[in-house]
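All remarks here apply to the structure that follows.
Just so you know, all these numbers are worked out from the coordinates, no wet-lab data involved. A quick note: this is a predicted structure, and the numbers were derived from the prediction, not measured. Every residue, glycine as well, gets a Cβ built from its backbone with ideal geometry; the counts of neighbours run over all protein chains shown.
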Amino acid sequence: MALDGDGSGIGAARDLAAGFLARARDGYGVPVSRRALDLTQLVVSELVTNAHKYAPGPVLLDLRIVGDLVEVAVWDSEPVLPVASAADVGRVGQHGLEIVMAVAHTFEVRREPVGKRVTVRIALTDAPEGSPAALRPR
């Protein structure tokens, strides 16, 4: 999905993510927990918001199923890589990247020939506590 650089597509991006996961679940039998749906929409919202806030121009959103994970990739034209701020309970705002990193199974930022791509993978199902899937590093 290509989004304008004005920030108007953040809600549409969340809706796209929800629709994508619903089609994967209903059309292809991919197990998708409510938690995975909520976290995917949160991650999409945070990454698209950051792209609109810090990068000029368009934003591209790509969603795909990779095994038992949903992959969210957001490209923007700004080559500067994002850095999560140090923890500060008194800071108002600027916690989005911290949140994304906390809920992600994997988090990767890569420079592209133009701009950068942030890729996050989120587990599609809730692993039982103590299971090997629940113990995977993030």
Highest mean first, what order results for 34-46, 99-111 on Cβ atoms within 10 Å?
34-46, 99-111
Where a ≥ b ≥ c are root eigenvalues of the Cα gyration tensor, a/c under 1.5 meaning rounded, otherwise prolate if a/b exceeds b/c and oblate otherwise, segment 29-124 counts as oblate
